[in-house]
Amino acid sequence: MKNIVVLISGNGSNLQAIIDACKQKKINGTLRAVFSNKADAFGLERAREANIPAHALSADQFASRDAFDRELMQEIDAFAPDVVVLAGYMRILSPAFVAHYAGRLLNIHPSLLPKYPGLHTHRQVLENGDEEHGTSVHFVTDELDGGPVILQAKVPVFEGDTEEEITERVQSQEHAIYPLVVSWFVDGRLKMDSNSAWLDGVRLPPEGYAADE
């Protein structure tokens, strides 16, 4: 069984989707630990409910981002992770952290990358009058939200939509695709090579896997 460690900063709804998928044997791996940079993150409660070790590490205890990430790496590595999954983890990672977990560090971002890296993606979609929005699972590299895309899910944007409505629509897709990508990784089907994502030995296009091709 492959070891999974998840990093969160907030509510942890994607973490819950991964916990559920592990329980249902849709992911052939074990969730070994959950870490948060916020002690009051509700996702830590979700972990405790599922009897998964839950750890909080606060940045204000450390002199620098590098010092924080060094400690975090040490604590993560105690669980011998095969994959580290960022599920709403809101800190920018140091290059040393990204390099340490290169090829086994996944993130989900609420936009159709490369559109709208960074924050407030739903607001930008509304302000720009987009008719389509979505979410992307990607490998993490040093470029913010810029690593190779593995899988995207698209949602429509309707006239009169609020940010809350769009958020809900996007999250329902996230909860479907993130556990799927984690399962591909733990089954050995997914890897990063030459700054591209590969599934079953096939290099994926820039927008990731497309089931209808």
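The values are calculated or read from the model by the stated rules, or taken from the named source; none is laboratory data. On a predicted model such as this, the values are computed, not experimentally measured, just so you know. When we count neighbours, we look across all protein chains shown, and the Cβ atoms used for this are built from the backbone with ideal geometry, even at glycine. These area figures cover heavy atoms from the full protein model, side chains too; ligands, DNA and RNA do not enter into them. Shrake-Rupley method; radii C 1.70, N 1.55, O 1.52, S 1.80 Å.
Using only side-chain charges placed at the Cβ, +1 for Lys and Arg and -1 for Asp and Glu, the dipole size of the chain relative to its Cα centre rounds to 920 debye. For the residues A47, A78, A17, a GNM of the chain with alpha-carbon springs under 10 Å puts the largest fluctuation on A78.
Taking every C-alpha pair closer than 8 Å and separated by at least 6 residues, the mean separation divided by the residue count of segment 52-106 gives a relative contact order of 36 percent.
What FRET efficiency comes out for the pair E163/Q61, r = Cβ-Cβ distance, R0 = 35 Å, nearest 0.05? Spell out each step's value before the answer.
Details: r = 33 Å, r/R0 = 0.95.
Here the calculated transfer efficiency is 0.55.
Net charge of the neighbourhood of F62, taken over other residues with C-beta under 11 Å away and scored Lys/Arg +1, Asp/Glu -1, is -2. From Cα pairs below 8 angstrom and at least 6 apart in sequence, can you work out the relative contact order of segment 92-137, rounded to a whole percent? Relative contact order for segment 92-137 comes out at 44 percent. DSSP assigns beta bridges within segment 67-179; of those with both partners inside it, close to 80 percent run antiparallel. Computed about the Cα centre, the dipole magnitude for segment 164-213 is approximately 300 debye when only Lys and Arg (+1) and Asp and Glu (-1) carry charge, each at its Cβ. Rolling a 1.4 Å probe across all protein chains gives I92 an accessible area of roughly 100 Å².
Among the lysines of the chain, pairs at least eight places apart or on separate chains and with Cα atoms under 16 Å apart come to 5. Take M90: with every protein chain present and a 1.4 Å probe, its accessible area is about 120 Å². Taking every protein chain into account, the accessible area of segment 35-184 amounts to 48 square angstrom per residue (probe 1.4 Å). Would you work out the relative contact order for segment 1-58, in percent, from Cα pairs under 8 angstrom that are 6 or more residues apart? After rounding, I find 39 percent.
In the chain, carbon and sulfur make up what percent of the accessible area (probe 1.4 Å)?
On the way: 5110 of 10530 Å².
Carbon-and-sulfur percentage of accessible area, whole number: 49.
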